[in-house]
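*Asks:* Below you'll find the structure I mean.
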Amino acid sequence: MDTLGLTADELALQARARDFARDVARPRAAEIDASEEYPWDIVEALTEAKFVGMTIPVKHGGQGRSYLDAVLVIEEMAKCCTVTARIVVETNMGAISTVMAYGNEEQKKLAASLVLSGDKPAICITEPDAGSDAMAMTTRADRRGDKYLINGRKHWITGGGVSKLHLIFARVFDEKGADLGIGGFLAVRQENENAAKGLRVVRREKTMGLRGMPEGELTFENLEIPASMALLPPSGFRRGFADLMNAYNSQRVGAGTVAMGIAAGALELATEWVKEREQFGRPIGEFQGLQWMLADMATQLTASRLMLYQAARSRGEASAFPDPMLAAQAKIFASEAAIRIVNDALQMYGARGYSRDLPLERMARDVRMFTIGGGTAQVLRTLVASRMLGWKLPQTREGYVESARPLAAE
Ligand SMILES: Cc1cc2nc3c(=O)[nH]c(=O)nc-3n(C[C@H](O)[C@H](O)[C@H](O)COP(=O)(O)OP(=O)(O)OC[C@H]3O[C@@H](n4cnc5c(N)ncnc54)[C@H](O)[C@@H]3O)c2cc1C
């Protein structure tokens, strides 16, 4: 075991990921950013190296690896190429974890076969008028015989236009029009759109960073989903949204790790640079002003890493996913620290840091999203406070008066 408590197997996996990141991902990172094209060559290489679908159980063709294993791989990839790291997140955590935890056999087989052949599933929750307030979603799934008809619009869907498997969250109505709550539905988008008629990608967002990973706006017009493709969480449709959102705890650990990995990469660059760059006749690393910046960056990085590893190793009560409080704390801390660390690394490079010839400006753009996507740093703080106080903390005006109701009442 090493000082982080990693086993020989985990260290070997980490080393394999480090080699892949250096040899395959790093040389492509700048091109992916400039072309803004999803890197199918990297997907193929990741699939061949078996870094996709690692957490899928062996029974379904995966390796049954842990979230910590995924985190170790993601960190190494993120040091070199953020898009590559995000592909590893989304093929091991998030939508795929939800299906493997709650899906029926047919759903598990479908999801596993797609992911193991390189598909990055899309998770469709956010709508133009339902961001942090996801419960306000208006996309609906109406039961019609042995099918559901889905109608609505989602935006900022990672992988929109490249993903095949879509986990769509919608408000469910029975045949009589009764509102059953929010459920999840699986749809497969094909290039010719035959398999999922009614699912269209209508727009691509113009993003600040992570430019090789499309963020799409999707519409569903009478999208037919067989009833067998409704994902029924243990508490059913009526109360199942919380179960479905539990999967986001793994996604959050993954996203926090991407941010931490970018910061680790930036710190490695800065540490080398301050030894090399000379001003006033001495390496700039001899100035205490920069030494203390480096020390603060390294301290924040170590704390982020420990929190993320701890969250990855944890299990929430009666759930297959990381503990919600640890996952939220780790994502808040790591994402905010990473923005500061990358910004400071760029500062140490002076004008060169601001140039597109070096990776720092790309890393500074890429790292910015992690306090926003997957639950903002503000909303996650509410989750943490809610757990601390043992209170539900509804944020709507009407709900607020109920805020003293204990969580246990749920
Ligand atoms: C790169 C990227 C990828 C994404 N990928 C996906 C995806 O794959 N699937 C998906 O469904 N969504 C995705 N999202 C959407 C993301 O989940 C939402 O952006 C996020 O939930 C916030 O919603 P919003 O953007 O509408 O902001 P809003 O909810 O409008 O929030 C605006 C601001 O108000 C703050 N705020 C809102 N409510 C509160 C409150 N109660 N207390 C304190 N502060 C509050 C927020 O923190 C934020 O600072 C992605 C977003 C980004 C940027």
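The values are calculated or read from the model by the stated rules, or taken from the named source; none is laboratory data. For clarity, every value in this text was computed on a predicted model and none was experimentally measured. A quick note on method: Cβ atoms are made from the backbone with ideal geometry, for glycine too, and the neighbour counts reach across all protein chains shown. Quick note on the areas: whole protein, heavy atoms, side chains included, nothing else; ligands and nucleic acids left out. Shrake-Rupley method; radii C 1.70, N 1.55, O 1.52, S 1.80 Å.
*Asks:* Taking interchain pairs and intrachain pairs at least six residues apart, which have beta carbon atoms under 9 angstrom, with the first residue in segment 369-391 and open to solvent by 60 Å² or more (accessible area, probe 1.4 Å) and the second near the ligand (Cβ under 10 Å from one of its atoms) and in a helix (DSSP H, G or I)?
*Replies:* Within 9 Å, the pairs are Gln378/Thr371.
*Asks:* Answer with yes or no whether Lys59 is touching a His at 6+ places or on another chain (Cβ under 6 Å), in a helix (DSSP H, G or I), open to solvent by 10 Å² or more (accessible area, probe 1.4 Å) and at pLDDT 95 or above.
*Replies:* Spelling it out, it is not the case that Lys59 is touching a His at 6+ places or on another chain (Cβ under 6 Å), in a helix (DSSP H, G or I), open to solvent by 10 Å² or more (accessible area, probe 1.4 Å) and at pLDDT 95 or above.
*Asks:* Condition test on Gly198, is it in contact (Cβ under 8 Å) with a residue 24 or more places away in the chain and within 12 Å of the ligand (Cβ to nearest atom)?
*Replies:* In short, no.
*Asks:* Only residues in segment 117-145 that are among the β-branched types (Val, Ile, Thr) count as the first member; pair them with residues that are more than 14 Å from the ligand (Cβ to nearest atom) and open to solvent by 20 Å² or more (accessible area, probe 1.4 Å), Cβ under 8 angstrom, at least 6 apart or cross-chain, and list the lot.
*Replies:* Thr138/Arg171; Thr139/Asn151; Thr139/Arg171
*Asks:* Could you check segment 361-379 and list, in sequence order, the residues that are among the hydrophobic types (A, V, I, L, M, F, W, C) and more than 9 Å from the ligand (Cβ to nearest atom)?
*Replies:* Passing the criteria: Met363, Ala364, Val367.
*Asks:* So, one more: Taking segment 127-159 on its own, how many of its residues are touching a helix residue (DSSP H, G or I) at 6+ places or on another chain (Cβ under 8 Å), open to solvent by 40 Å² or more (accessible area, probe 1.4 Å) and within 12 Å of the ligand (Cβ to nearest atom)?
*Replies:* Number satisfying all stated conditions: 3.
*Asks:* Take Ala351 and tell me if it is part of a helix (DSSP H, G or I), over 16 Å from the mean Cα position of the chain (by Cα) and closer than 30 Å to Val172 by Cα.
*Replies:* Against the criterion (part of a helix (DSSP H, G or I), over 16 Å from the mean Cα position of the chain (by Cα) and closer than 30 Å to Val172 by Cα), Ala351 does not qualify.
*Asks:* Scan (1) in contact with a strand residue (DSSP E or B) (Cβ under 7 Å, 6 or more places away or on another chain); (2) at pLDDT 95 or above; (3) within 28 Å of Ala70 (Cβ to Cβ) for the single condition Ile262 breaks and write down its number.
*Replies:* Here Ile262 meets the rest and fails (1).
*Asks:* I've got another one for you. Which residue, of Asn249, Asn192, is surrounded by fewer than 24 Cβ atoms within 10 Å (Cβ to Cβ) and at pLDDT below 95?
*Replies:* Unique residue meeting the criteria: Asn192.
*Asks:* Which residue pairs have Cβ atoms closer than 8 Å, lie 6 or more positions apart in sequence or on different chains, and pair a first residue in segment 1-30 that is at pLDDT below 95 with a second residue that is open to solvent by less than 80 Å² (accessible area, probe 1.4 Å)?
*Replies:* Once the first residue is at pLDDT below 95 and sits in segment 1-30, its partners that are open to solvent by less than 80 Å² (accessible area, probe 1.4 Å) give Met1/Thr7; Asp2/Leu11; Leu4/Arg305; Leu4/Tyr309; Gly5/Tyr309.
*Asks:* For Asp119, only one of the following conditions fails: (1) open to solvent by less than 30 Å² (accessible area, probe 1.4 Å); (2) within 13 Å of the ligand (Cβ to nearest atom). What is its number?
*Replies:* (2)
*Asks:* Look through Arg86, Arg65 and report the one residue that is among the basic types (Lys, Arg) and within 15 Å of the ligand (Cβ to nearest atom).
*Replies:* Within the list Arg86, Arg65, the selection yields Arg86.
*Asks:* I've got another one for you. Please go through (1) modelled with pLDDT under 95; (2) open to solvent by less than 90 Å² (accessible area, probe 1.4 Å); (3) under 29 Å from Ile56 (Cα atoms); (4) not polar (S, T, N, Q) for Glu317 and return the number of the only condition it doesn't satisfy.
*Replies:* All conditions are met except number (2).
*Asks:* Also, quick follow-up: Looking only at segment 42-50, decide whether some residue is open to solvent by 20 Å² or more (accessible area, probe 1.4 Å), assigned to a helix (DSSP H, G or I), of a type in the set (S, T, N, Q) and out of contact with any helix residue (DSSP H, G or I) (no Cβ under 7 Å at 6 or more places or on another chain).
*Replies:* yes
*Asks:* Restricting segment 274-314 to residues that are in contact with a Gly (Cβ under 6 Å, 6 or more places away or on another chain) and touching a residue at least 24 places away in the same chain (Cβ under 8 Å), which is surrounded by the most Cβ atoms within 10 Å (Cβ to Cβ)?
*Replies:* Per the criteria, the residue is Leu308.
*Asks:* Here is a follow-up. Restricting to segment 206-244, count the residues that are within 12 Å of the ligand (Cβ to nearest atom) and either in a strand (DSSP E or B) or open to solvent by 20 Å² or more (accessible area, probe 1.4 Å) (or both).
*Replies:* The qualifying residues number 8.
*Asks:* Could you say whether any residue in segment 87-103 is in a helix (DSSP H, G or I), more than 17 Å from the chain's Cα centre (by Cα) and without any contact (Cβ under 8 Å) to a residue 60 or more places away in the chain?
*Replies:* Looking through segment 87-103, none of the residues is in a helix (DSSP H, G or I), more than 17 Å from the chain's Cα centre (by Cα) and without any contact (Cβ under 8 Å) to a residue 60 or more places away in the chain.
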